[in-house]
1. According to the Kirkwood expression over distinct Cα-Cα pairs, how big is the hydrodynamic radius of the chain, in Å?
2. Along Cα→Cβ, 7 Å out, is where each label goes; now give me the distance between the ones at E121 and A155 in nm to one decimal.
3. Mean separation of Cα pairs under 8 Å and 6+ residues apart, divided by the residue count of segment 57-111: what relative contact order is that in percent?
4. So what's the back-of-envelope 222 nm ellipticity for the chain, counting only DSSP H runs of four-plus at -39500 (n - 2.57) apiece and dividing by all residues, rounded to 500?
5. Return the long-range amide H neighbours of H62 (sequence gap of 5 or more, or a different chain), with a cut-off of under 5 Å between placed amide H atoms.
6. Can you count the Lys pairs in the chain whose Cα atoms are under 25 Å apart, with each pair 8 or more apart or on different chains?
7. Expected output is a single nm value to one decimal: the length gained when fully extending between Q148 and E128, i.e. 0.36 nm times separation in residues minus the C-alpha distance. What is it?
8. Mind checking the log10 I(q)/I(0) for segment 1-67 at q = 0.17, 0.26 Å⁻¹? Debye, one equal scatterer per Cα, no solvent, two decimals.
Amino acid sequence: MFELSKVQAALEQFSLDGWLFYDFRGSNVLSRRILDIPDSAMGSRRFFYFVPQSGQPVKLVHRIESEALDHLPGEKIVYLRWQELEAGIATLLRDAKTIAMEYSPRNANPYISRVDAGTVELVRESVESIVPSGDLVQLFEAVWDAEQWELHQRAGIETDKAFEIAWSFIATQVR
């Protein structure tokens, strides 16, 4: 479940003005998971969701899919033409200087690099700096709850047992 207060606390921790989530046709699975967008909700238009370090988030969605982010808090800006999209991005980011996106300079970390170069170029027109969101993503995407941790522990025990049986069998066969 998306928790705005936790995201904003992380933005403060990393001294970022905000986190700009973006997706086009399911290309950014990290954004979709963090924002709790089900796999079945496959859109055909771009959306942006800007979470500032403080204050209310802002959604930028296409008119055809204007309900795409309705489950999330924040004001909604609807665009139709590309000019409205570009103006909307500028509006989202008007008070931001340094933001995070699922981007990796020179694709150094391809696991985090989910935003295409053209979109990064477009966003760069409105901010001073875009930084990789990898440290943020790991706080919200790469975490286990108590049940998952317990399952991991049990899997380790069962794996150890399987290796013990396998090595015992091998030992008896080579003697």
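Derivation of every value follows stated rules applied to the coordinates shown; laboratory data play no part. Nothing here was measured: the structure is a model prediction, and the numbers come from that model. Backbone-built Cβ (ideal geometry, glycine too); neighbour counts: all protein chains shown.
1. 18.1
2. Label-label distance for E121 and A155, simple model: 4.1 nm.
3. This gives 30 percent for segment 57-111.
4. For the chain, the value works out to -12500 deg cm²/dmol.
5. Result for H62 returns Y79.
6. Working: K6/K59; K6/K76; K6/K97; K59/K76; K59/K97; K76/K97.
So the count works out to 6.
7. Additional length available on full extension: 3.3 nm.
8. -0.61, -1.18
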